[in-house]
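The values are calculated or read from the model by the stated rules, or taken from the named source; none is laboratory data. Predicted model only: the values in this text are computed from it and were never measured. Positions of Cβ are backbone-derived with ideal geometry, glycine not excepted, and every protein chain shown enters the neighbour counts.
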Amino acid sequence: MAVSLYLSPDNQAALAHLQALVERVKAADPLAPVWVLLPRAQIAHRLRRHLGDTFNLHIFQFYGLAQVVLHAIGQEPIHEIHSTAARRLVHTLLRSLHQAGQLSTFAPVWDKPGFTDVVLAWLREMKTQGILPREVAREARRTGTERDRQLALLYQEYQRFLQEHRLSDADGLLWLAADQLAQQPGNFRQEGPLFVYGFDQFSPVEMALLAGLAPCFDHLHLYLLWDPDRPASSLALTRLDATRRQILAQLAPQQVQTLPATPRPHAVTHLRAHLFEPQAKAIAPGPDLVLVEAPSREAEVRAALRAIKKLLLDGVPPQAIALLAPRPGAYGRLVETVAQEYGVPVAVESTLATNPAVAALLNALSLWPDFPWRQTFDLLRSPYVDVSAWLGETEIDLLDQLTRERPVIAGLSQWHHALRPLTLSLDDGQVDDEDRSEPPLVARLAPEILAALRSGLDGLFQHLTPPAQGTHADYALWLQTAILGLFPEENEPQASLHLLTCCRQGPYPDRDLDALSLALHSLRQLIAAVALTGAAPGEPPTVTWEEFRRDLREILPAVPVLPPGGDGQVRFDTLESVRGLTPDYLFVLGLSEGEFPTPPPPDVLYAAHERRDAGIPLRRPVPGEEATLWWQAVSNVGQRLTLLRPWLDDRGEEWPPSPYWQAVVDLFAPLTPVRIPVAAPPPLEEAASPEELAVVLARAGARQVPEALAPLWRWGQQGHWLWQQRESPHPGPFQGVIQAADLQEELAHRYGPEHIWSASRLNQYHTCPFGFFARQVLGLTPRPDPEEGLDARQRGSLLHAILERLYRRLCAEETVPTPATQAQVLACLDACCTEIFQDAPQRYGFRPSPLWHHEQAEIRRQLAALLRWECQENGDRPGFHPFQQELAFGTAGGYPPAHIADGDGRAIRLRGIIDRIDRDEDGRLRIIDYKSGSTRYNGRDIEEGRAVQVALYALAAEQLFGEGVVVESIYLHIPTRELSGRLDFAQEKARSTLAAACRAVSQAAEAASAGHFPNLPSRPVGLVGTCADWCDLADLCQVPRHGRFQRAKVQ
């Protein structure tokens, strides 16, 4: 047995030595076989390119070589169990142990997918560490813990099942091959040498297999990265030193040779020799080391891909470039998106969870039985399914509005309730008041339309209802026909969501069809796994839909989607993938604190001291292992090393660098990383896409652009002009100022002298002219997601309705709220509440939630407190008593519109409903406008047009009952029992406020008819004078953040 260990300072030296030895073998015998063992398939691709058309070259990874060994030895066939079957087997065993009462420690979590992952990882650790089930059982007896007893029992049952069915998992194949080689060392005798390249560590089972393979070949050549000029205790060699000692102890190589280093660029050579060494001398950096600090992950990715694109344009082959990250999951989608924009061929590995077609499939499978609102509308509006057999776009839009007005959270009963016609007429159908809800859409739709909507919805829901029970194969067939539209040849096509057809007709057919093909392959694996692990093998069990769906959701999202192979793409990968490779140009992303080195993942099963003191060889974390990985990465670069990191975190705070970044910086002086400022465009010569080039040219003040950029340039100019306008103190056409003559004519007609205004819409204009434009002129209505219970307007409508009925009844009984009548008034209130609540859901279009009973009690309590307060305020000799309730004018069936003049010859017509009018013994009137919120109003709000009800309703009442008859007008806040916006007409100030309010509403009407709807907040909030903190129209309005100063300039 001949074993040689080659300690190489870099991968290139090791690869060159390997190539020379292969050529020597081939020179002696061109037909001689050459065997190579590698850690990754990617290295195999690069090695084949180096060795060219070498004949009789056999390249393996450990699992493939183990299968060859077992087959050659003549071992009775052992079939490898794939990952889906292993997962299913673990879940089946956990269920059996739970049903048998054997799981106490793990009883609360045995059926959780995450726990299945934990068990699979633990089983793999046992296999790779070479720990037998009996050794785990012995350790469990030693510790005496229930946890260890249950793990030992699970391991024993797992191995028993595999042995009884002649199966093995991948790690078990290694173990079995090593065991067979130890027992029958002469049965796998092979000609030629075996080369082992690219590894920096071996598990105990892998090392046992190597020990068994060594006597089977003419020569075993092992290559290990090593720096002979460093002490073995060097941080950079932490993992490599452990591997070196393992090889020396178990393989006893006859030859240990140190290979000469390959010449490398100046900085890379210095890093290889001195990284992590204390008191290393700093030298001047060269062009082969570039450090970039970007303000965000996106800017970091853009900087890397711009440099990569330049290399490709300069003729560098893609396979000579590597783009790596310690946490590729944080960068994968960004790399994919920016690479597509730049036209850079980058191979990014992903999972089925990121594919939108698979996401649509999983969403469709998740709907039954509750059909949650959000997920259902995700399906209805998805481009990946076709629901036209049941509902069209118009019907879907109506359904959207109806299920927001009568909130649908989940459940068929809620969907049906939302489509139930109203059986009661709405008395306040013409109400235009911010305190009350508008008539719901369901009240405006014919019963036939609602019935058609329900029929289509029920048909779709019935279609998405799977069989109550069936085998996994039965459910797979249902999924293929009902969702995918994939019908057996003998079956006639039926109704389906036709997901496959939608993918074929979509913008990315190849990507989506490949993903669905992978999903179907995984589904077939699941069916096979269920048949294998069932109670009666070969007879698949009958399961419920929930069990099938859970199994599918466990395996599908994590299925890897591998990028196409070949040399035509730059590969984006993990930092670990650099082992065994020597890219000419290496780019490493994400070198900020906490990203690399990464904190160790939490150990679910063992505490640190338990791993340390265990009687079995559990894996123990070794500090410094990631330092070895970092040394391997930065010292194996052929031409240039580029390190990048974000210098701002997601909160905009300064993000410190990784200590490994700092270790590189400390070796060079002076070395100043390139720091990209926030929102900085790239230099003109580095712009990597038409969009970037247009931005750079705009920043440079270019007046002409290439013809290919002309359309993009025009859009950019328009956007720039729009932004300048928004920054300007004078609102323009994209800030609500209508300048088109035909639109101005339309608005002049719509809001001309004959238009009848409401106080609420005048308030709305003065509060936010752009909001008035969006809601009233454009007819845009916010569509909030449905929530359980009453919304603010429905609650306001209920309060108004109860108070109206109460005071009408008190008027009819000639009862005035006083301390003496308080009991009678409260009894009357209680009766009115009972009557209103009885049909409130039907009348106001909401679905009673589980809290409806408590909401009723709260409304009763709140109104009772209001009436007690009024009784006490009135005293024994009240000045006013209730006179009119909900007095309407300017509406059908009410008084004529009021005429509101401003004294300058301008006037408007006004409609509205006065909540309450009280009268004293002399016939003088008091106007009360109820407010269901607690926001108080003052004289300025009235004068500037934001709260004009008390002013305008006073004028309207005087036109109805006589001039000078109104002596007071106030807002009454129901929740707080407070008064605000009080106008006492005995005082001159009230009359001047009234006149100012009239001018404000006339100006609003005139501005609306002229098309003037600027997005300037009338009443700014906060220190920077912006609108409210939250607004439905924020994305449409885009009001500048310095609104206070803009408004001041206009004024």
Output for segment 582-607, where each listed residue is at pLDDT below 90 and of a type outside the set (Val, Ile, Thr): 599, 600, 601, 602
Looking only at segment 570-596, and only at residues there that are of a type in the set (Ser, Thr, Tyr) and closer than 25 Å to residue 201 by Cβ, the one that is surrounded by the fewest Cβ atoms within 10 Å (Cβ to Cβ): 574
Meets criteria (at pLDDT 95 or above, buried (at least 18 other Cβ atoms within 10 Å of the Cβ) and either touching a strand residue (DSSP E or B) at 6+ places or on another chain (Cβ under 7 Å) or of a type in the set (A, V, I, L, M, F, W, C) (or both)) for residue 419: no
Residues being without any contact (Cβ under 8 Å) to a residue 60 or more places away in the chain, buried (at least 18 other Cβ atoms within 10 Å of the Cβ) and closer than 25 Å to residue 632 by Cβ - total across segment 160-209: 3
Contacts under 6 angstrom Cβ, first residue in segment 1005-1026 being farther than 16 Å from residue 735 by Cα and among the charged types (D, E, K, R), partner modelled with pLDDT under 90 and part of a helix (DSSP H, G or I), 6 or more apart: none
Meets criteria (surrounded by fewer than 16 Cβ atoms within 10 Å (Cβ to Cβ) and under 16 Å from the mean Cα position of the chain (by Cα)) for residue 381: no
Single condition residue 339 does not satisfy, out of (1) modelled with pLDDT of 95 or more; (2) of a type in the set (Gly, Ala, Ser); (3) within 18 Å of residue 658 (Cα to Cα): (3)
Matching residues, segment 253-311, being touching a helix residue (DSSP H, G or I) at 6+ places or on another chain (Cβ under 6 Å) and without any contact (Cβ under 8 Å) to a residue 24 or more places away in the chain: 286
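crowded, with 18+ Cβ neighbours inside 10 Å and not in a helix (DSSP H, G or I): does that describe residue 843?
No, not satisfied.
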Condition check for residue 282: within 30 Å of residue 680 (Cβ to Cβ) and buried (at least 20 other Cβ atoms within 10 Å of the Cβ): no
Residue 827 vs. criteria in a helix (DSSP H, G or I) and at pLDDT below 95: no
Subset of segment 523-557 [surrounded by fewer than 18 Cβ atoms within 10 Å (Cβ to Cβ) and either among the hydroxyl-bearing types (Ser, Thr, Tyr) or in the same structural domain as residue 114 (by TED's automatic domain parsing) (or both)]: 542, 544
Selection count, segment 808-834, where residues are touching a residue at least 24 places away in the same chain (Cβ under 8 Å) and closer than 15 Å to residue 859 by Cα: 5
Residues located in segment 931-964, provided they are aromatic (Phe, Trp, Tyr) and either modelled with pLDDT of 95 or more or part of a loop (DSSP other than H, G, I, E, B) (or both): 937, 953
Residues located in segment 254-272, provided they are crowded, with 17+ Cβ neighbours inside 10 Å, of a type in the set (A, V, I, L, M) and more than 44 Å from the chain's Cα centre (by Cα): 259, 261
Residues of segment 74-112 that turn out to be crowded, with 16+ Cβ neighbours inside 10 Å and either part of a helix (DSSP H, G or I) or of a type in the set (A, V, I, L, M) (or both), as a count: 16
Some residue of segment 17-35 being under 30 Å from residue 119 (Cβ atoms), surrounded by fewer than 19 Cβ atoms within 10 Å (Cβ to Cβ) and in contact with a helix residue (DSSP H, G or I) (Cβ under 7 Å, 6 or more places away or on another chain): no
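Let me confirm something: among 814, 804, 835, which residue is modelled with pLDDT of 90 or more, surrounded by 17 or more Cβ atoms within 10 Å (Cβ to Cβ) and over 30 Å from residue 734 (Cα atoms)?
The match here is 804.
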From 21, 37, 65, 57, residue being in the same structural domain as residue 257 (by TED's automatic domain parsing) and in contact with a His (Cβ under 7 Å, 6 or more places away or on another chain): 21
Total residues in segment 182-205, condition touching a Ser or Thr at 6+ places or on another chain (Cβ under 7 Å) and in a strand (DSSP E or B): 0
Which listed residue, of 848, 819, is surrounded by 12 or more Cβ atoms within 10 Å (Cβ to Cβ), over 40 Å from the mean Cα position of the chain (by Cα) and not in a helix (DSSP H, G or I): 819
In segment 619-651, residue surrounded by the most Cβ atoms within 10 Å (Cβ to Cβ) [restricted to those that are at pLDDT 95 or above and among the charged types (D, E, K, R)]: 645
Listing of helices (runs of 4 or more DSSP H) fully contained in segment 293-399 that carry 1 or more residues being in the same structural domain as residue 595 (by TED's automatic domain parsing) and closer than 30 Å to residue 693 by Cα: 297-313, 332-342
Answer from 847, 868 - the residue that is over 28 Å from residue 421 (Cβ atoms), of a type outside the set (Ser, Thr, Tyr) and assigned by TED's automatic domain parsing to the domain that holds residue 809: 868
Residues that are part of a strand (DSSP E or B) and either without any contact (Cβ under 8 Å) to a residue 40 or more places away in the chain or on the phi > 0 side of the Ramachandran plot (or both), drawn from segment 582-599: none
Hits in segment 532-554 (condition: touching a residue at least 24 places away in the same chain (Cβ under 8 Å) and part of a helix (DSSP H, G or I)): 532, 533, 545, 548, 549, 550, 551, 552, 553, 554
Close pairs (8 angstrom Cβ cut-off, 6 or more residues apart or separate chains): over 30 Å from residue 858 (Cα atoms) in segment 954-977, outside any loop (DSSP other than H, G, I, E, B) and basic (Lys, Arg) anywhere: 966/926; 967/926; 968/926; 968/982
Count of segment 608-658 residues which are part of a helix (DSSP H, G or I) and under 30 Å from residue 11 (Cα atoms): 10
Cβ-Cβ under 8 Å pairs, at least 6 apart or on other chains, segment 85-102 side under 14 Å from residue 541 (Cβ atoms), far side loosely packed, with under 15 Cβ neighbours inside 10 Å and charged (D, E, K, R): 91/111; 95/111
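Please pick out the residue among 923, 981 that is touching a residue at least 12 places away in the same chain (Cβ under 8 Å) and closer than 30 Å to residue 773 by Cβ.
Of 923, 981, the one residue that is touching a residue at least 12 places away in the same chain (Cβ under 8 Å) and closer than 30 Å to residue 773 by Cβ is 981.
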